[in-house]
Amino acid sequence: MGDGQIPLKHLPPSLHQSILRSSIGLGLFAILTVGLISVTWVMTREKIQTQVRAYEARALMEILPAGTYDNVLVDAKIQLQPARLLSSSEQREAYVALDDGEVSAVILPVTAPDGYSGRIELLVGINRNGTLAGVRAITHKETPGLGDKINTNVSDWILSFAGKSLGNPDAEGWAVQKDGGDFDQFTGATITPRAVVAAVYRALQYFEENRNILLDPLRMNSEESRYDG
Ligand SMILES: Cc1cc2nc3c(=O)[nH]c(=O)nc-3n(C[C@H](O)[C@H](O)[C@H](O)COP(=O)(O)O)c2cc1C
């Protein structure tokens with residue numbers, strides 16, 4: 001205290017109390033702010049999760065229109081083990097469509113890890129015969145006006161997968177036109193469609209490798225698919 005500072009205990013009582021009151025006030029304000037931010041974060045996260053689930057349910061209905069199966073699709077989930085071809089590092093849920101006791105299609109959760117702005121989460125519907133029933137982007141952070149053309153409310157691009165399969169087009173065709181393949185890219189935005197085309201192709205490979213297990217109706221909620229590595 002040789003530099004002219006007065007020790008706290010030597011301050012006049014009123015000033016001492018005022019500093020104490022301010023400190024307590026600031027402390028309470030900080031606690032309140034942290035509490036408010038935490039509550040907002042939890043509420044926002046729950047809201048986003050609810051929206052994603054609603055979006056996913058709508059996408060399921062679009063990929064497999066009602067009447068093409070006779071079970072309750074949103075309730076018909078099976079657990080998939082982590083799989084390199086789906087770019088999943090943890091267990092995920094797939095949906096199984098049944099028709100007269102037979103699996104008529106599966107809808108796989110697939111990640112395209114290499115979008116322009118990171119992961120693009122997709123639902124890929126594959127019919128029993130290996131043709132694509134449809135693909136929808138569920139969540140992504142691609143740029144509005146460029147990469148967001150994978151959304152059906154922005155463009156029809158993602159609808160072009162329906163009917164395609166591992167052999168149609170052939171392996172070289174499973175790329176954007178800029179890379180010598182069959183699929184359109186977006187003007188000035190090739191990264192997003194390239195990532196989606198590659199992810200859908202891997203999903204078809206996964207289906208092919210796990211076909212017997214995925215198409216086994218007895219497997220519903222009883223077993224898990226083979227580990228794909
Ligand atoms: C701000 C900004 C945002 C971009 N967003 C995307 C995107 O969402 N998807 C994408 O494929 N490319 C996006 N691009 C363009 C890519 O950087 C890259 O140039 C393009 O994908 C390559 O496509 P091209 O080979 O057709 O030019 C963005 C570029 C900038 C500067």
- Message: Can you confirm whether Ser89 is over 17 Å from the mean Cα position of the chain (by Cα), loosely packed, with under 15 Cβ neighbours inside 10 Å and at pLDDT 90 or above?
- Response: no
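Specify the residue that is nearest to the ligand (Cβ to nearest atom); the eligible residues are those in the range 136-155 that are among the hydrophobic types (A, V, I, L, M, F, W, C) and within 17 Å of the chain's Cα centre (by Cα).
If we take residues in the range 136-155 being among the hydrophobic types (A, V, I, L, M, F, W, C) and within 17 Å of the chain's Cα centre (by Cα), then Ile150 is nearest to the ligand (Cβ to nearest atom).
Looking only at the range 161-185, which residues are loosely packed, with under 14 Cβ neighbours inside 10 Å and more than 16 Å from the ligand (Cβ to nearest atom)? Lay out the reasoning, then the answer.
Let us first name the residues in the range 161-185 that are loosely packed, with under 14 Cβ neighbours inside 10 Å, namely 163, 167-168, 170-172, 177-178, 180.
Passing the criteria: Gly163, Gly167, Asn168, Asp170, Ala171, Glu172.
The rows are residues; the columns are (1) surrounded by 14 or more Cβ atoms within 10 Å (Cβ to Cβ); (2) part of a strand (DSSP E or B); (3) at pLDDT below 95.
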{"position": "Gly130", "(1), (2), (3)": "yes, no, no"}
{"position": "Ala133", "(1), (2), (3)": "yes, yes, no"}
{"position": "Ile138", "(1), (2), (3)": "yes, yes, yes"}
{"position": "Pro144", "(1), (2), (3)": "no, no, no"}
{"position": "Asp148", "(1), (2), (3)": "yes, no, no"}
{"position": "Thr152", "(1), (2), (3)": "yes, no, no"}
{"position": "Ala199", "(1), (2), (3)": "yes, no, no"}
{"position": "Ile213", "(1), (2), (3)": "yes, no, yes"}
{"position": "Asn221", "(1), (2), (3)": "no, no, yes"}
- Item | Identity of the residue in the range 187-197, buried (at least 20 other Cβ atoms within 10 Å of the Cβ) and not basic (Lys, Arg), that ends up farthest from the ligand (Cβ to nearest atom) | Val197
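Among the residues of the range 126-135, is there at least one that is within 16 Å of the ligand (Cβ to nearest atom) and either among the small types (Gly, Ala, Ser) or more than 19 Å from Met61 (Cβ to Cβ) (or both)?
No: zero hits.
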- Message: Can you say whether Ile126 is crowded, with 23+ Cβ neighbours inside 10 Å and free of Cβ contacts under 8 Å to residues at least 60 places away in the same chain, as far as the supplied structure shows?
- Response: no
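The values are calculated or read from the model by the stated rules, or taken from the named source; none is laboratory data. What you see is a predicted model; the values in this text were computed from it and never measured. So basically every Cβ, Gly included, is an ideal-geometry build from the backbone, and we count neighbours across all protein chains shown.
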